[in-house]
1. I'd like to know which of Ile60, Ser190, Ile305 lies farthest towards the positive end of the charge dipole of the chain, counting +1 on Cβ of Lys and Arg and -1 on Cβ of Asp and Glu.
2. What does the charge dipole of the chain about its Cα centre add up to, to the nearest 20 debye, if the Cβ of each Lys and Arg holds +1 and the Cβ of each Asp and Glu holds -1?
3. What does the charge add up to near Glu242, with Lys and Arg as +1, Asp and Glu as -1, over the other residues with Cβ less than 15 Å from its Cβ?
4. Run the numbers on segment 172-287 and let me know its relative contact order in percent, using alpha-carbon pairs under 8 Å that are six or more apart.
5. Rounded, prolate or oblate: which fits segment 161-288, taking a ≥ b ≥ c as square roots of the Cα gyration tensor eigenvalues, rounded meaning a/c under 1.5, else prolate when a/b beats b/c?
6. Among Ile156, His113, Ala128, flag the residue with its Cα farthest along the positive direction of the charge dipole of segment 61-190, charges on Cβ as +1 for Lys/Arg and -1 for Asp/Glu.
7. How many percent of DSSP beta bridges within the chain run antiparallel, rounded to 5?
8. Going down the table (Lys94/Lys246; Lys53/Lys246; Lys94/Lys307), which pairs top 29 Å between alpha carbons?
Amino acid sequence: MDTRREFIKKAGSAAWMLTTTGLPVLASAPAAPPADPWYRRVTRWGQVNITEKDPQQYDIAWWRDYWRRTNTRGIIANAGGIVAYYPTQIPLHKKAEYLGDRDLFGDLCKAAHEDGLAVFARMDSNRAHEEFYQAHPDWFAVDAAGKPYRAADLYIACINSPYYTEHLPEVLKEIATRYHPEGFTDNSWSGLGRDSICYCGYCRNSFHAATGFDLPAKADWGEEVYKSWITWNYHRRTALWEFNNKITTSAGGPDCIWSGMNSGSLSGQSRSFRDCKAITQRAQIIMLDDQARTDTGGFQHNGEIGKLYHGLLGWG
């Protein structure tokens with residue numbers, strides 16, 4: 001049977017109580033705990049890859065049905081960078097060739113939000129077309145002879161140039177304030193890899209200021225200057241991670257995080273100067289691009305790399 005103390009506890013938790021006037025009032029219900037942020041709640045993502053020819057034929061109604069049938073809770077949709085899938089107002093931010101008057105990213109974002117889905121605005125942000133290069137040739141990476149690095153017909157931007165510190169922040173702020181995506185991811189955020197040394201003026205000045213050295217003439221692990229160049233590049237990528245998050249959280253709110261797409265390969269991460277430990281110490285969620293399939297590293301590799309990143313991020 002209940003003791004007197006247990007009876008008093010139960011009576012105190014009843015829904016009704018008396019006020020000082022003697023009139024009964026409904027006791028206030030305890031405040032609901034705040035919901036976890038989206039990056040702790042969304043566990044099934046769908047990546048919607050858009051190409052430049054898609055805006056004229058994109059069937060959002062079909063995708064909404066697909067999200068519902070697959071219980072997708074968040075989508076990754078192309079927004080801007082190399083090309084914009086929305087009517088951008090930023091100079092030299094090239095609109096997709098067949099975008100016309102359509103706002104495809106905006107339409108996708110609106111539909112996903114109406115269906116209760118989170119939206120990761122996907123960026124491709126390390127290259128640009130000829131018009132951009134001609135307007136700002138000093139913003140792009142060059143080899144020792146001054147020849148720009150290219151990927152097919154696109155020019156590769158230097159990670160130490162105003163392309164990353166002025167142009168891209170404006171793109172991020174435009175998307176964040178106009179469409180309110182939950183966050184940002186980026187397909188190719190870290191610039192040139194380890195196999196290419198950029199000799200642009202920004203790299204020369206920045207490297208010398210940080211180390212006192214001139215840029216290395218070639219890759220040589222026996223030279224102190226080359227090892228300093230490696231370390232300097234790692235630090236730049238980590239600093240860029242922090243910088244981009246300051247931009248997006250300032251423009252879109254504290255949970256509008258920037259989480260650049262990373263490689264599912266540890267050696268690939270190293271070739272791109274991405275410090276897994278440093279990044280995971282700064283990240284709320286990690287997105288991995290792991291498209292390679294080999295005899296020695298098939299589908300099971302996704303589970304293996306997932307366990308590794310969970311260990312680095314922490315199981316909480």
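Derivation of every value follows stated rules applied to the coordinates shown; laboratory data play no part. Worth saying up front: this structure is predicted, and the values here are computed from it rather than measured. Note that each Cβ is placed from the backbone with ideal geometry, even for glycine, and that neighbours are counted across all protein chains shown.
1. Selected residue: Ile305.
2. Dipole size: approximately 1160 debye.
3. In short, +4.
4. Relative contact order of segment 172-287: 38 percent.
5. On the way: a/c = 2.57, a/b = 1.71, b/c = 1.50.
It comes out prolate by the Cα gyration axes.
6. About the Cα centre, the residue reaching furthest to the positive side is His113.
7. Looking only at bridges with both residues in the chain, the antiparallel portion is about 30 percent.
8. In this structure, Lys53/Lys246; Lys94/Lys307 lie more than 29 Å apart at Cα.
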